[in-house]
Amino acid sequence: MIRIRVGTVEIQAGLNNTETAKALIKILPIEARANIWGDEIYFDVPLRIGIENGKEVVEMGDVAYWPDGPSLCLFFGRTPASRGNEIRAASPVTVLGRIIGDPEVLKAARQGAEIIVE
């Protein structure tokens, strides 16, 4: 389990057993600045790893690694790439976990907010 603070908002996420999730754990803690793209927060992470079971359409509350960034992505609703009601990443991501509780609390986060992942 990891804790993510985005400005004044704090969430927890459970991670899956992917190699990407294991690699993320090894580089914690991470400090970054939030970028907002629709109802997605993404931020730079010092991790270089290939795509693992890549997906473009994700679920509400998914936590994913985007190798093109490289960034960690928190999905809490539709993005500018979404079609209909789907939640779509800009390009394939590796889903490595899920937000515990209501991911929509992230709507209060602001562009450039400090992020701490531990």
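Would you confirm, using the coordinates I've provided, whether Val63 is among the β-branched types (Val, Ile, Thr), surrounded by fewer than 17 Cβ atoms within 10 Å (Cβ to Cβ) and modelled with pLDDT of 95 or more? No, not satisfied.
In the stretch 15-26, of all residues being in contact (Cβ under 8 Å) with a residue 40 or more places away in the chain and of a type in the set (A, V, I, L, M), the one that is surrounded by the most Cβ atoms within 10 Å (Cβ to Cβ) corresponds to Leu24.
Asn53 fulfils the conditions (1) assigned to a loop (DSSP other than H, G, I, E, B); (2) buried (at least 20 other Cβ atoms within 10 Å of the Cβ); (3) of a type outside the set (D, E, K, R) except for a single criterion, (2). When each of Gln12, Gln111 is tested for being touching a residue at least 12 places away in the same chain (Cβ under 8 Å), more than 14 Å from the chain's Cα centre (by Cα), surrounded by fewer than 17 Cβ atoms within 10 Å (Cβ to Cβ) and not in a helix (DSSP H, G or I), the lone residue that passes is Gln111. Just wondering, is there one or more residues in the stretch 35-56 that are of a type outside the set (Phe, Trp, Tyr) and under 14 Å from Arg3 (Cα atoms)? No, every residue in the stretch 35-56 fails to be of a type outside the set (Phe, Trp, Tyr) and under 14 Å from Arg3 (Cα atoms).
Can you find a residue that is over 13 Å from the mean Cα position of the chain (by Cα), among the acidic types (Asp, Glu) and loosely packed, with under 15 Cβ neighbours inside 10 Å anywhere in the stretch 28-42? Yes - at least one qualifying residue is present in the stretch 28-42.
For (1) over 16 Å from Ala23 (Cβ atoms); (2) among the small types (Gly, Ala, Ser), each residue gets a yes or a no:
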residue	(1), (2)
Gly54	no, yes
Gly61	yes, yes
Leu72	no, no
Gly77	yes, yes
Ile87	yes, no
Pro103	yes, no
Gly112	yes, yes
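Restricting attention to the stretch 67-108, report how many residues are assigned to a loop (DSSP other than H, G, I, E, B) and either of a type outside the set (S, T, N, Q) or crowded, with 16+ Cβ neighbours inside 10 Å (or both). Here the count works out to 16.
The values are calculated or read from the model by the stated rules, or taken from the named source; none is laboratory data. Just so it is clear, the model here is predicted, and its values are computed rather than measured. Using ideal geometry, Cβ is built from the backbone for each residue, glycine included, and neighbour counts are taken over all protein chains shown.
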